[in-house]
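Notes for the one structure printed next.
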C-alpha cells in the first residue's frame, strides 16, 4: 500500500492538474505527435514556456503528464521528475528551442534529430609524434594477472522476501506500494529483476582475491538503479561503503573510475560553465579521499581538481592508469544541454588526457585508459567521441589498452586509423568492455586479464561468472571460468602462442563472425554470460552487432535509428541497451509517455 505521504503528494498533483488542465491537454497532444525531429522541437518549445515560469510549475506539469500517461508508477514519476526535472527546466531556460543544442536534447530524450554531424575541432598536442617511437618488446616473461570489475550496482536496501516481480524497473525492495504478500519473494543472493545484494558483491570480491591479481580496475557504477529515490546522502553512503568493502577484501591495488550512477541525481555532472551550485564536487571529494590509498596522493589531488579524472603509475611496473570521467560526454547527462555555445572539451578532460599521455610518452611508459562509458556507444556524444579518437591516433604507440563498462555486456570495440577502410592492418586500438556484477543483464561476472609485463598488452581475457540459475546460487554463489578468449577465439583466427589479443586479432575475429554463424552465435551468448541471451538471428541484427564492434567512435556505430520510427520501435517492445544500464531516467519516461500516446 502507498504511504499517506505518497497519497497526499499524488492528490496535490492531481488537484494541480485540474487547475492547469488546458496546458496539460495541450502537452498530451504535443507528446502524441512527438515522433520526429520537428515535433520534438515543438514539444520542447511548449515545455520551455512552462519552465520559464519556474521549476515548481514545470515539475507539477511534467509529473502530472507522467502519471496520466502511465509512463511509470506514480511514486516513480513523482520522485524522478522532482530530481531530474529542475535540470531539464534549467536547460530549457538557457537555450533556443530550435537550435543545435535543442536538437541534441531531442536525440537524448527521444532518439530523434539524430542526423547532426560532428562539429569540427582539432585537438592540439604538446609535441608531434616521435620520429622513432619506443618499441615495447616482449621478453616472454610470465604474464601478470589483472582483474576488471564493473557495474556492481549494490542495493543496500535489498530485502530478502520482498517482491521480486514488481512493476518498477528494479525490484526486491519494500516500496510503499509493494504487496503485503509478495508473489515471488526475493531470495538471499539476487534476482534478474533486482540489483546486487551485499552478499553477492562480497562473494565476487572474495573470488577476485582468491585469484590473486597484481592489481584490479573498476570501471564504475556503484549505486543501484532506484533513480527516483537516490539522493546525495545515499550516494555518499554507497560510495564510501563499497570503497571500504574493496579495501577490506582486496589486498592488491585498485584503480577505479566513476560511473554515471555515482552521483545524484543520476547522470548529473554539471560543467564548470553551468550556472548552478548543484555540481558533483562532493563526489570527487569523496572518491579522492577513498581512492588515495590505491592511486597515490598526487592522483587523488588530480581527481579532485580534474572532475573525477586522474593518472597514476602502477607500483613496480612501467604502466600508468589514466582514468577519465566519461560522463561529461554522455548524452543522458542533462547538464550538457544548458548552453547554445558549443563546448568541445567540457571541463578540459580531453586536454587532461593529452597531458597525461604526453607525460607517459616522455617517460617511456605504456598506458591503460579506463572509464565508464565506451566511446563507440550510441549514448556517447559524437563530438567528444571523435576528439577522443584523435587523441588515441596520436598516442596509439603509448596506449596498450582501453577498458570500460556501462553496457553491462561482455563486449569489445575496435579503433581504426581509417574508419572507411576497416582492416586488420588499420586496427590501432582495442577497448575491452567488462560485464556487470548486477544480475539485471545476465549472469554476474568479471574479467581476468593475463598481461605481458613488458608490453602491457592483453594476452588473454577470461570471464568468471556465477550462474543465478544454479540451484545452489541462493545458498552460496559459486564462481567459475566461463570462457577464455584465447582458448575459444584464438584457434578461429590462427593466433600464435606469442601473439597478444591485439586490435588486429579482434578485427580478424569479426571477420570470422561474418563468415561463421556458429562463432557469431557463441559470441552473442557470451554477451550476457548465458544469462539473458537476446536472439540475434537475422542479417540486420548480425550486421549491426558487427558494425558496433568495429566502431570505437560513436559516429560509426549502427545503432542510430531512422528518423521518425525510433519511438514506435520502442513502443513495439524493443529494449534499447541504455534501458538495461540506466533503469528509469528522463529518456525512459519520455519514451514511455510517447509510447503510451501512440497506443491511444
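Taken together, the values in this text are just the output of simple stated rules run on the coordinates, not laboratory data. Since we're looking at a predicted model, the values are computed, not measured. Here the Cβ is made from the backbone with ideal geometry for all residues, glycine too, and neighbour counts use every protein chain on show.
Per-peptide packing, taken as the mean over residues of other Cβ atoms within 10 Å, places 477-485, 196-204, 148-156 in the sequence 148-156, 196-204, 477-485 from highest down.
Peptide packing: for 322-335, 40-53, 233-246, the average count of neighbouring Cβ atoms within 10 Å per residue gives the ranking 322-335, 40-53, 233-246, highest mean first.
Name all residues of segment 480-494 having a backbone nitrogen under 11 Å from the label point set 7 Å from the Cα of residue 425 along its Cα→Cβ direction, giving them as ranges. Once the point is set 7 Å along Cα→Cβ of residue 425, nothing inside segment 480-494 turns out to lie under 11 Å by backbone N. Against the main long axis of the alpha-carbon atoms of the chain, helix 503-515 sits at an angle near 70°. Secondary structure note: in the chain, about 55% of the DSSP beta bridges are antiparallel. For 311, 554, the sequence from fewest to most other C-beta atoms within 10 Å is 311, 554.
FRET efficiency for the pair residue 251 and residue 93, taken as 1/(1 + (r/R0)^6) with r the Cβ-Cβ distance and R0 = 56 Å, rounds to 0.65. The translational diffusion coefficient of segment 320-457, from Stokes-Einstein at 20 °C and 1.002 mPa s with a Kirkwood hydrodynamic radius over alpha carbon pairs, comes to 133 µm²/s. Spacing of the modelled spin labels on residue 38 and residue 212, each 7 Å from Cα toward Cβ, amounts to 6.8 nm. The Rg/Rh ratio for segment 258-370 is 0.99, where Rg is the radius of gyration of the alpha carbons and Rh is the Kirkwood radius. With respect to the chain, whose longest principal axis is taken over its alpha-carbon atoms, helix 21-32 is tilted by about 40°. Across the chain, Cα pairs under 8 Å and at least six residues apart give a relative contact order of 18 percent. Measuring max minus min along each principal axis, the C-alpha atoms of segment 143-275 give extents of 52, 46, 20 Å (largest first). Using the basic label-point model (7 angstrom from Cα toward the beta carbon), what is the residue 122 to residue 56 distance in nanometres? If labels sit at residue 122 and residue 56, their model points lie 5.3 nm apart. What separates the Cα centres of segment 190-239 and segment 37-76 is a distance of 33 Å.
Exposure proxy ranking for 180, 292, based on other Cβ atoms within 10 angstrom of each Cβ and starting from the fewest, stands as 180, 292. Taking the DSSP bridge list for segment 297-384 and keeping only pairs wholly inside it, about 50 percent are antiparallel.
Fewest neighbouring Cβ atoms within 10 Å first, the residues 232, 361, 207 line up as 232, 207, 361. The calculated P(r) of segment 273-336, using every Cα pair and 10 Å bins from 0, goes 21, 46, 25, 7, 1 in percent. Round to the nearest 10 and give me the degree value, 0 to 90, for the angle of helix 55-68's Cα axis relative to the longest principal axis of the chain. On a 0 to 90 degree scale, this one is about 90. Cα extents for segment 416-553 along the principal axes, largest to smallest and rounded to whole angstrom: 50, 42, 27. The calculated Kirkwood hydrodynamic radius for segment 74-203 is 20.7 Å, given to one decimal from all distinct C-alpha pairs. Kindly provide the Kirkwood hydrodynamic radius of segment 170-219 in Å, to one decimal, from all pairs of distinct alpha carbon atoms. About 13.3 Å, per the Kirkwood formula over Cα pairs. The relative contact order of segment 394-504 comes to 23 percent, based on Cα pairs under 8 Å that sit 6 or more residues apart. Both radii come from the Cα set of segment 335-390: Rg as radius of gyration, Rh as Kirkwood radius; their ratio Rg/Rh reads 1.02. Beyond 35 Å, what share of the Cα-Cα pairs of the chain remains, rounded to the nearest whole percent? Counting pairs separated by more than 35 Å, the tail of P(r) holds 37 percent. Our estimate of slack between residue 539 and residue 418, defined as 0.36 nm per intervening residue step minus the Cα-Cα distance, is 41.1 nm. Protection proxy ranking of 127-133, 267-273, 107-113, 501-507, by the mean of other Cβ atoms within 10 Å over each peptide's residues and highest first, is 107-113, 501-507, 267-273, 127-133. Take the Cβ atoms of residue 184 and residue 478, set R0 to 22 Å, and the FRET efficiency comes out at 0.45. For segment 186-249, the extents of the C-alpha atoms along the principal axes are 38, 27, 18 Å, listed from largest to smallest.
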